[in-house]
Amino acid sequence: MLLTATLFAPLAGALLVALVPAARQESARLVALAASLVTLGLAVVLAARFQTGDAGFQLGMTAEWVPAFGVSYRVGVDGVSLPLVLLTAVLTPLAIAGSWRMADRPRTYLALLLVLETAMLGVFVSLDLFLFYVFWEAVLVPAYFLIGSFGGERRVYAAVKFFVYTLLGGLLMLVGIIALFWLHQQATGTPTFDYEALVDFQKAPSTQRWLFAAFFAAFAIKTPVWPFHTWLPDAYTEAPTTTTVLLAGVMSKLGVYGFLRFALPLFPDGARWAQPVLLTLAVVGILYCALVATMQRDFKTLVAYSSVSHLGFIVLGIFAFNLQGLQGGVFYMVAHGLVIGGLFFITGMLEERRGTRRIEEFGGLQQVVPRMGGVMLVITLGSVALPGLVGFVGEFLTLLGAFLENRVYAVLATVGVILGAVYLLWAYQRMWHGPLEREENRSLPDLTRREWAILAPLVAAIIVLGLFPRPVLDRVEPSAQRVVEQTQAPSP
Amino acid sequence: MHPLAQATTQPLPLPEVDWRAIAPELALAVAGVVLLLVVAFWPRAGRGVLAGLTLAGLAAAAALTVWNWDLERVAFEGAVSLDGITRYARAVLLAVGALATLMVAQGDSREGEPDDSPPEVFPLLLFALLGMVLLAAASDLLVVFIALEILSLSLYVMAGETRRLAAQEAAMKYFLLGAFSSAFLLYGIALCYGATGSTNLLEIADATGDPTADGTLLLAGVGLLAVGFLFKVSAVPFHMWTPDVYQGTPTPVAAFMAAATKVAGFAVFLRVFAGALGGLVVSWRPVIAGAAVLTMLVGAALAVVQTDLKRMLAYSSISHAGYLLVGVAAAATVPAGVSASMFYLLTYAFMVMGAFMVVQYVSRLGPPDDDAIGERSSLEDYRGLARRHPWAAGLLAVFMLALTGIPPLSGFWAKYYVFLAGIEAGLTWLVVVAVISSVISAFFYLRVLVVAYLQEPVGDPGAETAPGRTPALGVALGLAGLLTVAIGLAPEALIAAARSAERILG
Amino acid sequence: MTSSEQAELIVFIILAPLAVVTALGMVLTRNAVYSALLLVVNFFCLAGFYVLLEAQFVAAVQVIVYAGAIMVLFLFVLMLLGIGNEVVVKEQMRGQRPAAVLLALGLLVAIVGALAAGVFDAEPASLAAANEGGNVEAIGRILFTRYTFAFETAGILLVVAAVGALVLGKRQP
């Protein structure tokens, strides 16, 4: 019940927001913020009730939905999904606070943000493949309208590209889900989409391969894995900043979470078969996107490419198939969500002040807005994985996992770490240091109290989780270990 | 001695008249005749009165359908059979008829203007529905033909009900091509009769199991039957009439055509192919599967380039016919194919009618357009609809997303069910083609939403005329929207009902 | 081949080309009156076929109803409306005509092939049994037993046709 309440609290909030009369649009912000904070509160209670050390699913709920198709409403959290639920619950109120000044149809915007939150939470907690698919596709609709209706100049192009790309992947996965369901029904006679039942069901290696390919289509596009990433820079750049925070912070995790939760345990043989391909794609993606990021002039696009590059590390960790890699992957998802959220928030704040995101328009900002510069430095260093900050733990663990599995890939990926430091620190240096050349930059105001309220939790989390990653890692470990065992399981 | 000769001196063995079996059809026929009389003797009866009477007739037919729900038998010496397909199609068709009545009642007229469409459209609607339910129940190829003619004749006239040149042209085209396809169907029936010695579907089913039956002749007959049916459900390559007709026809009639003709057409398609000709599945499945591939892809691809919403909906209906053909192709070997197709028809009918209702609403916003096309259904008219008419735009979004097949709307379950049946029947390649077509179709459904939501309104919003009071259309829109969402959230009962339609009596 | 069969064949050989030629002529001629008259000749040919098939009643109905009643009405309307104001139809799609001819030929080949494979070798069924007791009686019998339902529903079809004609006819241009 608790989990269901957490899941649908944002949706209820969205309905309330939509019911706010048009004349009183400001109160819509309060309603939306309240709904997202209630969700956060529920998520925190959920985390408090979570039994550390238990690898299985907890705090779940099961109900019939469409018994004719064997579809049920089945939700639950384990060590892998709990941190992601919390991440979603934390980032959404921040995104709503970030949209406080929005003048253009704030009601619609905030309602869509809340719908998006429910859909993304649903993906993380679904334990029924069909329910999972429903939430997976449901993410598309609010995201489409958020990008297409509120974004920048090329928003329509970006939104349609995003929608069609992800829909294609999703439908191919649907074919895979149906085939899996049908095979299971043929073998056992029970029609069910139950995750655990389908994981336990023995599948022939050849079947696993093409089923894995079907799931791969959806997850690789959503993550995105290079070369399926071309929708991402458009979508991230064109979307309004607070949407981008949720897209980059949470939605990009849906794909890697899908690999971890579904593709690996369901098709261990298929996953092992595809491992070299995925490791290669991950490393190519890390390097390629890092290089492309280096050449960007628009800071938002730079961050977008850096996001693809960093997601490569997560894929690398997950497909290392060992505890270090998987645990690190999950941790990195959280870390990446915090850091990339922070980067996009700062981008948005700069854009609000100056009306541009081009790197050369800035310079010497440290003198004008020192507090903002300090926050920016922490977040940037978190992103380039300075030891003691959150990024380091994730990156170290995933690289360690990759190293244990295949040294060549790990070494190549490490080059990506260096490139990451190069482009982010270089951009930081160009924007915040050097001479203060532009007149417009002299009179920029520093962080307001609202902006502090948004950035402070992120900065705190980046530092605290960097210094004390244990609480998270302890909760992730049993569940990650279970995935490792499922993946290593010998084929029948 | 021939059995007929024996009986020369005896009284005719008249068949038993099974009144109960055809009670809903009788109700429709009676209601149609009553309305004709009302129109003839009370020329000043308002559209509201006529619509009320029509709805009363539909309600009576619906009540009788419910009364007959558990009836399973073959009546009138095998002329009609009552089975799952019959009752499911009856229920869906009557619901579609009710929505169409509301749309027709709303009509095209603004406040204080006389309506262009004649009052006879109400009885014609009832007769068309009668033909459709009869078609779904027909168990004899002759009855199939007559029922098809009843519905087609009614629709030809309804299509040309207004004076608009486009409507006239549409009616003419529909008539000529419809007559053409009827000829194919009739020839097919003749050849089937020649090969099996019967027009009765049950007897044909027996004969196709008989190895001594004449194969080639029967196959030629089956091929021509397929052509006739493919014409009616507007499958590629027999789809050419659809866009012109849907675009030119008055919107309420186009909606009725798009939804109801498909329901009836696919019901008979399933009964004849999956039922009677199930034994020949090896021969006809490649043809139907090929037509399905062409229909899905061509429909979706051509819809992408349309700039008129009615025309786009016509192409979209073609591509939906393709998904349904996947169901038909699966139906002969897996029963789920039948129930999947029936469920698809149910959801599709409400989605597409809803979309046409929005078209009808939006076409009232501008000044009447007297040029050839007639109604205002160009995509340009939808620019910025979300800002001007948020409710209409919201419903449009629901219908478009449902047609795309986004969960948890009704269209998603329908698509899912058909895919499931296809995979069960071993037609995975066909399902993959369907997936590709779905992705293509997302382009054009989204484009409507792009125009309605993401583009700014053009011109002076003050120049727009008020839509006027639209009580009937409002109710219809509300119902269609509600059904599309509600079926999406709780499809169980209707799927179970579709499951009970799997058994075909013949 | 018996002499009666020979006679049948000769009549068929005369009637069949005539039927095809009149049908084509009906479509191709630009004068509506010629079209109507050619259609009458075509109907007579069809009636001849029915006689060959020992369906005397249908043949009679064909002549009386179609050629007699309907076509006379048709000609009457044509004369009333005045002839000569024909609409010149321009071809919309290039290459449509050759494509249509090709497809029609293909269909012809397919159907003739199917019939040739299925019919010409088969032993023709005798019509004697079916027509025993008289052709008219046989038709009446089957119409009121086996095909009662179809027969009755045809009534609805006629109602719809009448209403349709009314609606289309009373509309002001």
Give the range C:113-128 a look and list any residue that's more than 22 Å from the chain's Cα centre (by Cα), outside any helix (DSSP H, G or I) and either at pLDDT below 70 or more than 9 Å from every other protein chain (Cβ to nearest Cβ) (or both), or say none.
-> C:F120, C:D121, C:A122, C:E123, C:P124, C:A125, C:S126
Given (1) under 28 Å from C:A165 (Cα atoms); (2) of a type outside the set (V, I, T); (3) modelled with pLDDT under 90; (4) surrounded by fewer than 20 Cβ atoms within 10 Å (Cβ to Cβ), B:G209 misses just (1)
Are any residues in the range A:21-72 within 14 Å of another protein chain (Cβ to nearest Cβ) and assigned to a loop (DSSP other than H, G, I, E, B), and if so, which ones?
-> A:P21, A:G70
Residues (β-branched (V, I, T), in contact (Cβ under 8 Å) with a residue 60 or more places away in the chain and within 14 Å of another protein chain (Cβ to nearest Cβ)) located in the range B:24-81 | B:V33, B:V39, B:V74, B:V80
For A:Q208, state whether it is more than 12 Å from chain B (Cβ to nearest Cβ) and assigned to a helix (DSSP H, G or I).
-> yes
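For every residue, the table says whether it meets (1) within 22 Å of the chain's Cα centre (by Cα); (2) free of Cβ contacts under 8 Å to residues at least 12 places away in the same chain.
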{"position": "A:L11", "(1), (2)": "yes, no"}
{"position": "A:V17", "(1), (2)": "no, no"}
{"position": "A:V38", "(1), (2)": "yes, no"}
{"position": "A:G41", "(1), (2)": "yes, yes"}
{"position": "A:T52", "(1), (2)": "no, no"}
{"position": "A:E64", "(1), (2)": "no, yes"}
For B:S181: the one exception among (1) surrounded by fewer than 23 Cβ atoms within 10 Å (Cβ to Cβ); (2) over 17 Å from the mean Cα position of the chain (by Cα) | (2)
So A:F132 clears everything in (1) out of contact with any Ser or Thr (no Cβ under 6 Å at 6 or more places or on another chain); (2) within 14 Å of chain B (Cβ to nearest Cβ); (3) in a helix (DSSP H, G or I) except one condition, right? Which one?
-> (1)
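Quick grid of which residues meet (1) part of a helix (DSSP H, G or I); (2) farther than 28 Å from B:Y344 by Cβ; (3) at pLDDT 90 or above:
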| site | (1), (2), (3) |
| --- | --- |
| B:A21 | yes, no, no |
| B:E25 | yes, no, yes |
| B:A29 | yes, yes, yes |
| B:A45 | no, yes, no |
| B:T54 | yes, no, yes |
| B:A63 | yes, no, yes |
| B:W69 | no, no, no |
| B:A89 | yes, no, yes |
| B:L102 | yes, no, yes |
Would you check if there is a residue in the range B:135-147 being surrounded by 24 or more Cβ atoms within 10 Å (Cβ to Cβ), at the interface with chain C (Cβ under 8 Å from one of its Cβ atoms) and closer than 21 Å to B:M240 by Cα?
-> no
Taking the options A:L264, A:L247, A:L260, name whichever one is assigned to a helix (DSSP H, G or I) and under 21 Å from A:V164 (Cβ atoms).
-> A:L247
Is there any pair linking a residue in the range B:487-506 that is within 18 Å of B:V328 (Cβ to Cβ) to one that is modelled with pLDDT under 85, with Cβ under 7 Å and at least six apart or on different chains, and which?
-> B:R499/A:A68
Is the range A:164-179 home to any residue that is more than 17 Å from B:G405 (Cβ to Cβ) and either out of contact with any strand residue (DSSP E or B) (no Cβ under 9 Å at 6 or more places or on another chain) or more than 10 Å from chain B (Cβ to nearest Cβ) (or both)?
-> yes
Residue identified as part of a loop (DSSP other than H, G, I, E, B), loosely packed, with under 15 Cβ neighbours inside 10 Å, more than 13 Å from chain B (Cβ to nearest Cβ) and at pLDDT below 85 among C:V77, C:V33, C:V88, C:V72 = C:V88
Could we say that B:L155 is within 12 Å of chain C (Cβ to nearest Cβ), over 18 Å from B:S234 (Cβ atoms) and touching a residue at least 40 places away in the same chain (Cβ under 8 Å) here?
-> no
Quick one: in the range C:139-158, which of the residues that are hydrophobic (A, V, I, L, M, F, W, C) and facing chain B (nearest Cβ under 7 Å) is surrounded by the fewest Cβ atoms within 10 Å (Cβ to Cβ)?
-> C:F144
Please find, within the range B:406-436, the residue that is farthest from A:F135 (Cα to Cα) out of those that are at the interface with chain A (Cβ under 8 Å from one of its Cβ atoms) and outside any helix (DSSP H, G or I).
-> B:I406
Would you check if there is a residue in the range A:202-212 being more than 20 Å from A:L171 (Cβ to Cβ) and under 18 Å from the mean Cα position of the chain (by Cα)?
-> no
Inside the range A:152-190, the number of residues satisfying the requirement of being assigned to a helix (DSSP H, G or I) and in contact (Cβ under 8 Å) with a residue 24 or more places away in the chain is 23
Of these, B:A267, B:A300, which one is among the hydrophobic types (A, V, I, L, M, F, W, C) and either under 22 Å from B:K173 (Cβ atoms) or more than 16 Å from the chain's Cα centre (by Cα) (or both)?
-> B:A300
Selection from the range A:107-150 of residues modelled with pLDDT under 90, touching an Asp or Glu at 6+ places or on another chain (Cβ under 8 Å) and surrounded by fewer than 24 Cβ atoms within 10 Å (Cβ to Cβ) yields A:F150
Over the range A:211-244, the set of residues closer than 20 Å to A:L91 by Cβ and part of a helix (DSSP H, G or I) is A:K222, A:L232, A:A235, A:Y236, A:T237, A:E238, A:T241, A:T242, A:T243, A:T244
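Sort out which residues of the range B:148-179 are among the polar types (S, T, N, Q) and under 11 Å from C:L168 (Cα atoms), and write them in order of number.
Scanning the range B:148-179 gives B:T162, B:Q168.
The values are calculated or read from the model by the stated rules, or taken from the named source; none is laboratory data. Just so it is clear, the structure is predicted and the values come from calculations on it, not from any experiment. Heads up, the Cβs are rebuilt from the backbone with ideal geometry, glycines too, and the neighbour counts pull from every protein chain shown.
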